[in-house]
Amino acid sequence: MKIVNKLLVAGTFALTFSSAAFAEKWDMPMAYSATNFHSEHGVMFADKVAEYTNGDLEITVHPGGSLFKGGEIKRAVQTGQAPIGERFMSAHANELPILGWDNLPFLATTYEDNDKLWQAAKDTVNAALESQNLVSLYTCPWPGQGFYFKKAVSSSADTQGIKFRSYNSATATFAKELGMIPVQVEAAELSQALATGVAEAFISSGSTGYDRKVWEHLTHYYKVNAWLPRNYVMVNKAAWDGLNPDTQAALEKAAAETSASCAAKSAELSDFYFEELAKNGMTVEPAGEEFLKELRAIGEQMTETWLKDAGSEGQAIIDAYKGM
Ligand code: PCA
């Protein structure tokens, strides 16, 4: 009996040992600060994956563009240089217009509506990503987008000639329509761009202003809540197909839980960020009527342009959303 027990113990040890020895290890590049809620949820996701796969898949998160810069992450995952990664979805709308679904001004401006819009867009977006060798695992919204300036702004008369940091082609268009000069800069390099004068204004959530301590350079934040853009976590298709079905199911479970937690955190933090900006000396207020009117008019043009680029699939998303 004793010998049998010993054999069982030895067998169990051998199994545990072999599964740990052959644990698959994935590096996961992420674009935003380590302390940002998106990155913290990336770590939560990795922890859940380790738990649900009993350690068979170990994911190491590399935030802040430290492994690949934000703008390089999607390509790195597509080509298999990284098996998994996270990026801002609408940053890729120039190559795949459908990814601009969450960048349509004033269409879905609450978390609830943003979620409905995602439900309407999800299948089309995921199919488009799959055609690019990517399996989308989960998405998470940023808080609503508004404008940062270093002076009071009440209309486009005040924005002429300002150097404006954009984060995708749609925001570059927005800037041009307001008479500004767009320059694309990663969030990770934003503080430096503001410090050196490469940029002197930008559009973003309170979250990125807080992460980058932009009160050191700027004075005004205008709440617009123009849209709630999303980050997404994607896996290289071949890496995904190489996982056994149990591991895939574990990743999907971890992804669903992380996604729900991340969206709730985003909503919970949105006012906190504004309070912090104000505490650090910034004027934080809703955009004035005149400015807002101009932004709405530009927003309509942007939506028209997107519909031209995204075609009937884009229109179908908007129609499905409006019918919900
Ligand atoms: N922060 C990111 C994207 C949207 C947001 O709120 C940024 O400014 O790059």
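Readers should treat all values here as calculations from the given coordinates under stated rules, not as data from a laboratory. What you see is a predicted model; the values in this text were computed from it and never measured. FYI the Cβ positions are ideal-geometry reconstructions off the backbone, even for glycines, and counts take in every protein chain you see.
If I build a Gaussian network model for the chain, linking alpha-carbon pairs within less than 10 angstrom, which residue out of Ala226, Ala310, Ala157 has the largest mean-square fluctuation? Checking each option, the largest mean-square fluctuation is seen for Ala157.
Nothing charged except the Cβ atoms of Lys and Arg (+1) and of Asp and Glu (-1): what's the magnitude of the dipole of the chain about its Cα centre? Round to the nearest 20 debye. Show your work: numbers first, answer last.
Working: 27 positive and 40 negative charges, 108 e Å.
Using Cβ point charges on Lys, Arg, Asp and Glu, the chain gives about 520 debye.
Cross-link reach is defined here as a Cα-Cα straight distance under 23 Å, omitting same-chain residues fewer than 8 places apart; for Lys213 the lysines meeting it are Lys69, Lys150, Lys151, Lys163, Lys223, Lys265, Lys279.
Residue order for Val233, Val135, fewest other beta carbons within 10 angstrom first, comes to Val135, Val233. Placing a pseudo-label 7 Å from each Cα along the Cα-to-Cβ vector at Lys176 and Gln315 gives an inter-label distance of 2.5 nm.
The phi-based Karplus calculation (6.51 cos²θ - 1.76 cosθ + 1.60; θ = phi - 60°) puts the 3J(HN,Hα) values of segment 32-45 at 10, 3, 4, 8, 6, 4, 5, 5, 4, 6, x, 5, 4, 4 Hz, whole numbers, x for Gly and Pro.
Our helix-only sum for the chain, with -39,500 (n - 2.57) per DSSP H run of n ≥ 4 divided by its residues, gives a mean residue ellipticity at 222 nm of -16500 deg cm²/dmol.
Place a +1 charge on the Cβ of each Lys and Arg in segment 164-308 and a -1 charge on the Cβ of each Asp and Glu, then give the dipole magnitude about the Cα centre in debye, rounded to the nearest 20. Each step should come with its number before you reach the end.
Values: 13 positive and 20 negative charges, 41 e Å.
For this selection, approximately 200 debye.
Which of Met30, Met282 comes first, and how do the rest follow, when ranked by fewest Cβ neighbours within 10 Å? Provide the component values of the computation, followed by the final result.
Numbers: Met30 28, Met282 19.
Lowest count first: Met282, Met30.
For the chain, give the share of DSSP beta bridges that are antiparallel, in percent and rounded to the nearest 5; count only bridges with both residues there. The antiparallel fraction comes to roughly 55 percent.
Stretching Lys253 away from Ala23 to a fully extended chain increases their span by 80.9 nm, per 0.36 nm per residue minus the current alpha-carbon distance. Taking 7 Å steps out from each Cα toward its Cβ at Gln184 and Glu290 produces label points 3.3 nm apart. The distance linking segment 198-231 with segment 39-88 is 25 Å (Cα centroid to Cα centroid, whole angstrom).
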